[in-house]
2 protein chains.
Amino acid sequence: MSSSKASGIGRASGADKASGADKASANGKSTTGRPYHHGDLRRAILTAALDAIAVDGPSGLSLRDLARRAGVSHAAPAHHFKDRAGLLTAIAAEGFGLLATALREAADLKEAGVRYVRFAREHPAHFQVMFAPELLRAGDLELTTARALASDALREAVTTVPPEGRGADARLAGVAAWSLAHGFATLLLSHNLDGPVGDRDPEEVFRVLAEMLFRRGE
Amino acid sequence: MSSSKASGIGRASGADKASGADKASANGKSTTGRPYHHGDLRRAILTAALDAIAVDGPSGLSLRDLARRAGVSHAAPAHHFKDRAGLLTAIAAEGFGLLATALREAADLKEAGVRYVRFAREHPAHFQVMFAPELLRAGDLELTTARALASDALREAVTTVPPEGRGADARLAGVAAWSLAHGFATLLLSHNLDGPVGDRDPEEVFRVLAEMLFRRGE
DNA sequence: AGGCAATCTTGTCATTGTCAAGTTGCGCGG
DNA sequence: CCGCGCAACTTGACAATGACAAGATTGCCT
């Protein structure tokens, strides 16, 4: 039951491929002018994959289905991402990059946690893939550097925690914050907190949790 | 009778519930036995699946491979578990049952968290499947009841938190504890804490984190 | 203009999940 | 004691998928 006809991301849009007339839009983005070679298929497949993953999870992803959605042949994705693992690795790397920039703007550790949760909610597909190691190519350079970037951003945020937070070991404070945020985000995405959180804003709920963790004398 | 030690997931342990078909071959003798109908294939496939999942993750699971490992034909698993989702659902249900009994023996909320982490480490395959909703049959009765059981056990543990834990809302304290434990366990299993935790005992590390959360005046 | 390399297509193969019959052997009612 | 039914498995088939190998097409560079 695949359904999900083309349309949406791909070109389609009624243009036969021989349309040599319109080659404008060198910067792929507009909905109409795909310069034959699809403009940039790589992006199209990535976004199609993100859509699919957000719905069915990374396991249900089908390269052929993505190709169909993008309106290209079944082997086209393999040219950009070598195989399934390659595609997912690219997604994970992109996710770590996005997360790194999101964390970098955080004022303190609590705010970093809030941004972590927000990231998971705004990019659920990225988030899921990022933490599914058995689906990724472990050694990939782009992935490891992006992950290191995000890791640095988190580490930097940890330094902002007030030292009188009796955790003593700053590293453990970081692990605590990461665990709390990651667990909350994961449970949220897997709909395990629908009851407790209810209709409250998840980020506000998390703020309360974070305050429980980093309760200073104040 | 099901309250045997939790570590016994080995092979051919007592069945969990129904399956009243086995009466003659109740005793597991047979070194070469293979009472033709394989004894109990259901258990064999479950344990084979747990092994495979622990190595390759739930996504890489192949029913045909499990059948091969069990020495049966490729369609044999389908008779016990209707399909892939059925098998994984059975695993998840079993996992929630195990988790429920593990949590029930906890003295307080912190200890419940420790047991949560221990469960994840001792039953990584169960744990991964339990929180991969898109792989499960959502409406399954056995699953939902087992999940409710575990949820009750956790809720009960929450009541043991000292009320002066300034979280005020007991529900939020539960969410905090769950998030912390779940995040720690998840990051642990995905090898994201190999650095920070190092060679220390993860449960001890988690104890420190839990103390950061539920710091009372003391 | 001509060639080259990137991009995409077509074709193919092994593997897998799932369904639809068959087959085997145990136990139960007669 | 016996055959009959039923549960546990087997055999066979089919569509879908991932991956690979060549071939076709086009933009670009010189």
Tell me the distances, shortest first, between A:P133 and the same position across the other copies, using label points 7 Å along Cα→Cβ, in nm to one decimal.
-> 2.6
For A:202-214, mean number of other protein chain Cβ atoms within 10 Å | 4
Using a 10 Å cut-off on Cβ to Cβ distances, tally the other chain neighbours for every residue of B:87-97 and report the average as a whole number.
-> 0
Residues hit by the 40 Å² burial cutoff in region B:126-140, accessible area with a 1.4 Å probe, assembly against chain on its own, are B:F131, B:E134
Excluding same-chain residues fewer than 8 positions from B:K82, which aspartates and glutamates have a Cα within less than 15 Å of its Cα?
-> B:D140, B:E142
Tell me the distances, shortest first, between A:T160 and the same position across the other copies, using label points 7 Å along Cα→Cβ, in nm to one decimal.
-> 3.7
Per residue of region B:123-136, in order, report the coupling 6.51 cos²θ - 1.76 cosθ + 1.60 (Karplus, θ = phi - 60°) as ³J(HN,Hα) in whole Hz, putting x for Gly and Pro.
-> 10, x, 5, 3, 4, 4, 5, 4, 10, 10, x, 6, 9, 10
Tell me, what is a quarter of the convex hull surface for the C-alpha atoms of region A:84-213, in nm² with one decimal?
-> 7.9 nm²
Sorted from shortest, what are the nm distances separating the label point of A:G198 from equivalent points in the other copies, each placed 7 Å from Cα along Cα to C-beta?
-> 4.5
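The values are calculated or read from the model by the stated rules, or taken from the named source; none is laboratory data. What you are looking at is a predicted structure, and each value in this text was computed from that prediction instead of being measured. Glycine also receives a Cβ, built like all others from the backbone with ideal geometry; neighbour counts cover every protein chain displayed. Keep in mind that these areas ignore ligands, DNA and RNA; they rest on the heavy atoms of the full protein, side chains included. Shrake-Rupley method; radii C 1.70, N 1.55, O 1.52, S 1.80 Å.
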